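The values are calculated or read from the model by the stated rules, or taken from the named source; none is laboratory data. As the structure is a computational prediction, the values presented were derived from the model and not from experiment. Cβ sites come from the backbone with ideal geometry, for glycine too, and all protein chains shown count toward neighbours. Remember, those area values only see protein heavy atoms, side chains included, never the ligands or the DNA or RNA. Shrake-Rupley method; radii C 1.70, N 1.55, O 1.52, S 1.80 Å.
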Amino acid sequence: MSAKAIREYHGKKMLGKWLSDCADGGLNTLEQRCVQITDQCQHQADYFEQLASENPWLLDTPLVVKPDQLIKRRGKAGLLAINKSWAEVQDWVNERVGRETQVERVSGILETFIVEPFVAHDQSDEYYICIQSHREADEFLFHHEGGVDVGDVDAKAVRLSVSVGSDCTTEMITEALLMNVPEARKPQLAHFLLALFRLFRELHFVYLEINPLVVMDDKIAVLDLAAKIDETANFLVGHKWGDIDFPPAFGRAAFPEEQYIADLDAKTGASLKLTILNHAGRIWTMVAGGGASVVYADTIADLGYGTELANYGEYSGAPNEQQTFNYAKTILGLMTRVKDPRGKVLIIGGGIANFTDVASTFKGIISALKAYQEELRDGNVSIWVRRGGPNYQEGLRQMREVGQQINVPMHVYGPETHIVAIVPVALGVKDGSSLPEFDQEVEETKPLPSRSSFNTTPEEEPELPVEQGASGAADSEDAQHDGMVAAASAAAEATAAHNVITSSASTRCFVYGLQNRAVQGMLDFDYMCKRDEPSVAAMIYPFTGNHYIKFYWGTSEVLMPCYASMAEAVEKHQDVTFLVNFASFRSVYPSVMEALGYSDRLKTIAIIAEGVPEGQTREMIRVANEKNVGIIGPATVGGIKPGCFRIGNTGGMLDNIVMSKLYRPGSVAYVSKSGGMSNELNNLISRNSDGVCEGVAIGGDRYPGSRFMDHLLRYQDNPEVKMMVLLGEVGGTDEYEVCEAVQSGRITKPIIAWCIGTCASIFPYEVQFGHAGACARGNSETAAAKNAALKEAGVHVPDTFADIGEKIKEVFDKLVAEGKIVEREEPPVPKMPMDFNWAKRLGLVRKPANFISSISDDRGEELKYAGMPISEVFSEDLGIGGALSLLWFRRRLPAYATKFIEMILMVTADHGPAVAGAHNTIVTARAGKDLISSLTSGLLTIGPRFGGALDEAARMFTKASDENVDAGFFVTDMKKKGKLIMGIGHRIKSLDNPDKRVVIIKEYAQAHFGSNDILNFALKVEQVTTRKKSNLILNVDGCIAVCFVDMLRSCGAFTPTEVAELIDLGCLNGLFVLGRSIGFIGHYLDQNRLKQPLYRHPWDDISYITES
């Protein structure tokens, strides 16, 4: 949704701040004084006083005040107050704010106002100016008499078009626009309009209207302003726009849920859209795909239920489980908020997905349905599901099961059902008995839908030489394939004059971007179509060096080169003519412009990215036209030439390619704006004719690189194509070119056409549909007007979109009856190996995992530690001790236990530079080694004599304590066995000079642990050993060991067996290693910070023993 209306306040702020930068010599500084008043004034006592304090000019300046909510003709509606004092402005606003107001046929609440200085002037000082963008130019509309009574400016205004890529001059403006302006004002006005035009382009406006523009001898003032900007250009100029918002059309309440979904949409590469039309409406939709969302809304409106349609929106682009959950719960929350005695209907619909895993996206929806199951039952909601695409069988199975689990009526349908066939049944308009619901067992056993044959004209029918013998069938099949390839090549030659080149079985391409899944899908399609070599010659990815990527060619593995440089790729693969560009919306422009530099070789470019700024798109189109390069997109899934070439993910998974018979050519070619609906057309055409000859989704943006006519003319000139299908939509005028071509005889082949978006007429305000270009800018751009014009021109137009399949069948059967299409034998369905990962996801195969992990999971929306999302780890402030307990022990420990873990890490962090580990770290650091090497050097010294006594001390003391061994006997017995008592003894510390670390740990354990059995036993042992020698105390290792065992045993999280297992696994030594690593790293940093030289041990500290 690129063109977004902005408030007058924000538009004037932009002009006031940036216009002078766009003017020659820094002229045209506009009045920048204006303030915005919101409905906050109702709730904040000192609102107006604070506003006046920040803007003191309000107190002594005559003012103008008016609502700032995209309301047209405010003056005629009595919503304008002029030449008022600040006190009068306050009274005027207070009388209106928060109250419902009728403006023409729309009623809404006034919430936002703009206040600015009053400009006294004469009627003769008022002018009208509008600048708007078009595909190939930006256009001025100017009238020398502006103001509220300007009238029909389309008829009155003089115009000046400035081509994309060209600049404007004051001379051009003066000559074309200012002929009725007084001579004295022409220079001033021309310079202003030039600066305005430059700002229009630089800040990516798509529409800017000022009426009136007041011109006086000493200044120019913008009185009323209406503007739209290209939202997708935010990453380019958002810093210049400032903190703006995009208000809803007046009369449509703004819901916080809409903003919530908009925020989600901004944070993901997927598409999430929501518009509330009637929050109390009975019919709610949750539709996958921009085009599909429109046809569902159309069908609901066509059936007479448009006023009961509650929402419009769509989710697409493979959102993950968490995103679909958030989207679905938002809709379910809104839907169940207001009950309807008749019950409510939820339609979870969508076309046949190209690449989205249907089961995966349904998981989020299923979770939301479970969360709202009680509200759904209380609201008497019935749910109707229709979907197709990758893994749709599993997704529909899960949907059917959840309906049974939550006891909510749910009806589930697959791609064998027309996309909108569920709507009249759901609304009770039609009996659903003839509409079979999805049944997985039946789905897995039923034959693929197909006609008994496919066709060609008699003169094109290839001779298929068949040799006798066992190889005859295979030879026949190969010859059939060769005939198709020859026909495709001949068709490509016949359409070579067009910018977009018709693909053949020898077309090869580059894929820009690391889109391995799409490339593998293209290679699988190639193999299925029996191409001699893959259609993808190489990949281009500028962010890594040259390398190779492994793909499958059938069951064999092949290496595909990936180049960092487009120049190198073009140089090494001189047979490539096509570029499939998967670059993001941020980087697609420079990559396409670079590709256009190789226009002698690259003849067609497909741009997949959505959200490309219109200014960049128009410049790409301009350069491409100059160089005779065809562009498909932006915002497209691509296109497909059955039996020859596939762009990216077009056609979906292999099962859908087989179902829609896209592995061999048919007789029907289509062109669509919607990528998602292109798969629906593949399905419809295959079920009602002999199949698709070629199909292209040109993209849903306002200015697609190639238009309907570009492709329809190719199809007209292609002898393989016998009939055509056009799926247009509301917005734009390209369909009228088709009308002219049919009426003039340039197109003679039959066309079945339909423009989606007919529901727009039921809304009293403007609604932006799923695609950026799906918004009418006048009556002629409505879907209804275009459908009527197409029908009048002689195009086959069904009554509704639901009837398009029948219309295709009607025209196809007529061509067969007339002999223009002659059927021929259907080739065998090609067999393709299934990718193991996909087969595993479908539950068809199983394989033991190479690794098992039970402590963390990074597969979902966010990382989880032992099942706890990382966000909860932080929100509940578990700290490093809590994180360690989750990752080491797979459970959450009490707060006192996690604090004790952190205490251990602190007391073991360091013990000075003289100990073995620190010494080794320092020596290694001074040898110039890196941090990891130095740390490792220190860690390798940890063992029985340094820091590694914790585990053994824990085992010794625990065993003796559990066996009720007397402390004195324990010491004597260990002496007899010749064993050291681990955890006893210190080099310098004693009872009289205690180790503070031991004191801290001991006192904390005694204060917080439920039991101190092992500690108490160790202290008894200490009493025995210190009688022999004062430094044979319980040292820090021993104290940590015995207290840690007590903590594990008394915290209630472990059984005695689990505690013993943890000790045996070495977790105590792990704590020492983790803690001491802190100190070792500190020593490494310290030595490098002090720039210490290579260490050499002094010779006088070494006893040299030499044999005489």
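Roughly how many nanometres apart are two label points built 7 Å out from the Cα toward the Cβ at Ile932 and Ala45?
6.5
If R0 is 35 Å, what FRET efficiency do you get for Leu842 and Leu863 from their C-beta distance, rounded to 0.05? Each step should come with its number before you reach the end.
Working: r = 27 Å, r/R0 = 0.77.
E(calc), rounded to 0.05, equals 0.85.
Tell me the carbon and sulfur percent of the accessible area for region 3-241, rounded to whole percent, probe radius 1.4 Å. Mind dumping the intermediate values first?
Details: 4980 of 10750 Å².
Ligands and nucleic acids excluded, carbon and sulfur reach 46 percent.
Looking only at the chain, where both bridge partners belong to it, what percent of the DSSP beta bridges are antiparallel (to the nearest 5)? All intermediate terms of the calculation are to be shown ahead of the outcome.
On the way: 72 of 123 bridges.
The answer is about 60 percent antiparallel.
Give me the one-decimal nm value for the distance between modelled label points at Phe235 and Ile109, 7 Å along each residue's Cα-to-Cβ direction.
It works out to 3.6 nm between the two label points.
Please report the spacing between the Cα centers of region 345-402 and region 829-871 in Å, no decimals.
22
From the phi angles alone, apply the Karplus equation (6.51, -1.76, 1.60; θ = phi - 60°) to region 553-569 and give each ³J(HN,Hα) in whole Hz, x where the residue is Gly or Pro.
Using θ = phi - 60°, the values come out as 10, x, 9, 8, 9, 10, 9, 10, x, 10, 9, 7, 10, 5, 4, 5, 4 Hz.
Do any trypsin sites (Lys or Arg not before Pro) in region 585-663 lie in a DSSP loop with no more than 12 other beta carbon atoms within 10 Å, and if so, which?
Numbers: sites: Arg586, Arg601, Lys603, Arg618, Arg622, Lys627, Arg646, Lys661; in loops: Arg586, Arg601, Lys603, Lys627, Lys661.
Sites meeting the loop and neighbour criteria: none at all.
In percent, how large is the relative contact order of the chain, given Cα pairs closer than 8 Å and 6 or more residues apart?
Details: 2086 pairs, mean separation 84.8, N = 1108.
With pairs under 8 Å counted, the relative contact order is 8 percent.
Could you list which residues have their amide H under 5 Å from that of Thr908, counting only those 5 or more apart in sequence or on another chain, with H placed in the peptide plane?
Amide H neighbours of Thr908: none.
Provide His239, His1083, His1008, His134 ordered by accessible surface of protein heavy atoms (probe 1.4 Å), highest first. Walk me through the numbers on the way to the answer.
On the way: His239 135, His1083 25, His1008 85, His134 60 Å².
The ranking, largest first, comes out as His239, His1008, His134, His1083.
Counting other Cβ atoms within 10 Å of each Cβ, which GluC sites (Glu not before Pro) in region 782-888 have at most 15 and sit in a DSSP loop?
Working: sites: Glu792, Glu806, Glu810, Glu818, Glu823, Glu825, Glu861, Glu862, Glu872, Glu876; in loops: Glu818, Glu861, Glu862, Glu876.
Taking region 782-888 and a limit of 15 other Cβ atoms within 10 Å, the loop GluC sites (Glu not before Pro) found are Glu818, Glu861, Glu862, Glu876.
Please list the non-local residues whose amide H lies under 5 Å from the amide H of Ile756, H modeled 1.01 Å from N, same-chain partners needing a gap of 5 or more.
Correct list: Gly728, Glu729, Val730.
Here is the link list: Lys603/Lys641; Lys673/Lys786; Lys363/Lys661; Lys749/Lys809; Lys72/Lys791; Lys627/Lys749. Which ones come out longer than 24 Å on Cα distance?
Values: Lys603/Lys641 16 Å; Lys673/Lys786 15 Å; Lys363/Lys661 30 Å; Lys749/Lys809 15 Å; Lys72/Lys791 34 Å; Lys627/Lys749 30 Å.
From Lys603/Lys641; Lys673/Lys786; Lys363/Lys661; Lys749/Lys809; Lys72/Lys791; Lys627/Lys749, over 24 Å: Lys363/Lys661; Lys72/Lys791; Lys627/Lys749.
So for region 256-427, averaging the separation of alpha carbon pairs under 8 Å that are six or more residues apart and normalising by length, what relative contact order in percent results? Intermediate values should be presented prior to the final figure.
Working: 341 pairs, mean separation 38.7, N = 172.
Value for region 256-427: 22 percent.
Trypsin sites (Lys or Arg not before Pro) within region 60-162: which are DSSP loop residues with at most 15 other Cβ atoms inside 10 Å?
Working: sites: Lys72, Arg73, Arg74, Lys76, Lys84, Arg96, Arg99, Arg105, Arg135, Lys156, Arg159; in loops: Lys72, Arg73, Arg74, Lys76, Arg99, Arg105, Arg135.
Those satisfying the criteria are Lys72, Arg73, Lys76, Arg99, Arg105.
So which of Lys17/Lys219; Lys66/Lys156; Lys975/Lys1028; Lys17/Lys240; Lys4/Lys240 end up more than 18 Å apart by C-alpha? Could you put the intermediate results ahead of the total?
Numbers: Lys17/Lys219 16 Å; Lys66/Lys156 27 Å; Lys975/Lys1028 12 Å; Lys17/Lys240 9 Å; Lys4/Lys240 16 Å.
Distance filter (> 18 Å) returns Lys66/Lys156.
Using modelled amide H (1.01 Å from N, peptide plane; none on Pro or chain starts), what sits under 5 Å from the amide H of Glu861, excluding residues fewer than 5 places away?
Gln322
What is the extension gain from Lys76 to Gln1006, computed as 0.36 nm multiplied by their sequence separation minus the C-alpha to C-alpha distance, in nm to one decimal?
Working: separation 930, 0.36 × 930 = 334.80 nm, distance 8.25 nm.
So the chain would gain 326.5 nm between Lys76 and Gln1006.
Tell me the accessible surface of Trp57 in square angstrom (1.4 angstrom probe, heavy atoms of protein chains only), to the nearest ten.
40
Using the Cα gyration tensor of region 879-1090, with a ≥ b ≥ c the square roots of its eigenvalues, what is the shape: rounded (a/c below 1.5), prolate (a/b larger than b/c) or oblate (neither)? Write down the numbers at each step before the final one.
Numbers: a/c = 1.95, a/b = 1.31, b/c = 1.49.
Because a/c hits 1.5 or more and a/b fails to exceed b/c, region 879-1090 counts as oblate.
For the chain, with the dipole built from +1 on Lys and Arg beta-carbon atoms and -1 on Asp and Glu ones, taken about the Cα centre, which of Gln90, Val1036, Met593 lies farthest toward the positive end?
Among Gln90, Val1036, Met593, the one farthest towards the positive end of the dipole of the chain is Val1036.
For region 642-688 and region 276-311, write down the distance between their C-alpha centroids in whole Å.
27
Could you go through region 67-83 in sequence order and give the Karplus-derived ³J(HN,Hα) for each residue, using 6.51 cos²θ - 1.76 cosθ + 1.60 with θ = phi - 60°, rounded to whole Hz, and x for Gly and Pro?
Per residue, the Karplus-derived 3J(HN,Hα) values read x, 10, 9, 6, 9, 8, 6, 5, x, 5, 8, x, 10, 9, 10, 10, 6 Hz.
Run the helix sum for the chain: -39,500 (n - 2.57) per DSSP H stretch of 4+ residues, divided by residue count, reported at 222 nm to the nearest 500 deg cm²/dmol. If you can, show how the numbers build up before the last one.
Details: 39 runs with 442 residues, N = 1108.
For the chain, the value works out to -12000 deg cm²/dmol.
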